[in-house]
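Report on one structure; see the data block that follows.
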Amino acid sequence: MRLAALLTAVAMFLATPSLAADNDGGWTGSFNIIAGQRNITQKYWEPVESQTVVGMEAAFGKEYWPAHFLVTAHSSRKSADAIASSGGGTYAVTGTTVELGVGAKTNFRLDNIEPYLAAGVSWTTAKIEGGSTSTPTGSDTDSNRAGYFGAVGLNYIFFENFQVGGSVRILEGTEVNLFDSKGDADHIQYAFLFGWLF
C-alpha cells in the first residue's frame, strides 16, 4: 500500500509542469560516484550488518521539469567472524547486497549549494556466505520484491560542472530469503559523493 502511494506521488511529481519555467530548456543532469556505510537490519544480518557501500547515481531530465529521472546502482559488502552455535569457535561470514533502483530526484540550487530530495523503488539481491565443519551455513538470494527508498542530500558545486557532497538514504519494504527463512535488507545509508554535472 505504501509502495503504491509512493509510486503515484513520484509519477504525479514528474508530470507536474513548472509554472515559472522556460519550456524550451534543454536536457541536463548529473552523474555521481558514492561511497559510505550501509547499516542493514541487525536481526537478520549480524555480524555483517554494517557494510561498506559503493555505487553510482545518475539523474537526467529537461531543465524545466520539477524533478528528474533517477537511476541508482549500489553494492555493499562486509566480512566478519561469527561464533559457532555449537560453541566450537568462530568461522568467517561474508554478507553482500547488490541493489538497482529507479525514481525521481529534485534539487534546489542556491548559488554553489544544492540541497536535494529523491525517492523511488529498488530491487535488492542479498547473500550471506560462510561456515565451518561443525556449523555449516549457506547462501541464498532474494525474492525479487521491490523496496522503496527516500534520500536527502547536500552538494557543493565547484568549477561549474563538478560537485561533492553527502547523503542519507533509507530503504524499506524489502524481502529476502536467507537460509530458508524470510528476512529483509532494509537499511539506512550514509555516503559521500563526487560527481559531474552535464
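The values are calculated or read from the model by the stated rules, or taken from the named source; none is laboratory data. Values in this document were obtained by computation on a predicted structure and should not be read as measured data. When we count neighbours, we look across all protein chains shown, and the Cβ atoms used for this are built from the backbone with ideal geometry, even at glycine. To get the accessible areas, we keep the full protein, side chains included, count just its heavy atoms, and leave off ligands, DNA and RNA. Shrake-Rupley method; radii C 1.70, N 1.55, O 1.52, S 1.80 Å.
With respect to the conditions (1) touching a Lys or Arg at 6+ places or on another chain (Cβ under 7 Å); (2) open to solvent by 20 Å² or more (accessible area, probe 1.4 Å), residue 76 lacks only one, and its number is (2).
Taking the stretch 26-44 as the region of interest, how many residues are within 17 Å of the chain's Cα centre (by Cα) and open to solvent by less than 30 Å² (accessible area, probe 1.4 Å)?
6
I'd like the full set of residues that are open to solvent by 20 Å² or more (accessible area, probe 1.4 Å) and charged (D, E, K, R), limited to the stretch 165-198. Of everything in the stretch 165-198, those that are open to solvent by 20 Å² or more (accessible area, probe 1.4 Å) and charged (D, E, K, R) turn out to be 172, 175, 180, 182, 184, 186. Scanning the stretch 107-125 for residues that are farther than 30 Å from residue 185 by Cα and open to solvent by 90 Å² or more (accessible area, probe 1.4 Å) turns up 108, 109, 110, 111.
Looking only at the stretch 148-164, how many residues end up being out of contact with any strand residue (DSSP E or B) (no Cβ under 7 Å at 6 or more places or on another chain) and either of a type in the set (Asp, Glu) or surrounded by 21 or more Cβ atoms within 10 Å (Cβ to Cβ) (or both)? Steps first, please.
To start, the set of residues in the stretch 148-164 that are out of contact with any strand residue (DSSP E or B) (no Cβ under 7 Å at 6 or more places or on another chain) comprises 158-160.
Narrowing the set further to residues that are either of a type in the set (Asp, Glu) or surrounded by 21 or more Cβ atoms within 10 Å (Cβ to Cβ) (or both) leaves 160.
Going through the stretch 148-164 one residue at a time, the tally reaches 1.
Within the stretch 61-77, residues that are closer than 15 Å to residue 29 by Cβ have Cβ atoms under 6 Å from residues that are assigned to a strand (DSSP E or B) and open to solvent by 30 Å² or more (accessible area, probe 1.4 Å) in these pairs: 61/69; 63/28; 68/60; 69/60; 71/102, counting only partners at least 6 apart in sequence or on another chain.
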